[in-house]
Amino acid sequence: MLKEVLKEINDSDYISKANIAIKLNKTEGLIEDAFSQLTRMGYIKEDDGTNNCNIPCGNCPYAKSCNKVHVNTITITEKGQKLLQK
């Protein structure tokens, strides 16, 4: 099932754990566990959206919304890409 979830992440423009659960006919809790496992195993990397830029606050085009809109991003690692090719 982990490879199925990884494939859905790869094929999606917008990643929604709820949508993946529906598509794979699984519970959201199971999909959440799959994301945790994929992260722990090094197949995906999750970024919690915490601002870690090097530009002083207020000097970039995103200053007004910085740290106000919480967006998580998920990246498939090189190891994850290799698993998808198998």
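Length gained on full extension, Asn10 to Asp47: 11.7 nm, using 0.36 nm per residue less the C-alpha separation.
Tally Lys/Arg at +1 and Asp/Glu at -1 over every other residue whose Cβ is under 11 Å from the Cβ of Ile20; what's the total? That sum, taken over residues with Cβ under 11 Å, equals -1. Separation of the alpha carbons by more than 20 angstrom is noted, of Lys17/Lys45; Lys7/Lys45; Lys26/Lys79; Lys3/Lys45; Lys23/Lys79; Lys23/Lys45, for Lys26/Lys79; Lys23/Lys79; Lys23/Lys45.
Label-to-label distance, Asn72 versus Lys86, with points set 7 angstrom from Cα along the beta-carbon direction: 2.5 nm.
Laboratory data are not the source of any read-out in this text; all were calculated from the coordinates shown. Note that the structure is predicted; figures quoted are calculated from it, not measured. Please note: Cβ atoms are built from the backbone with ideal geometry, for glycine as well, and neighbour counts cover all protein chains shown.
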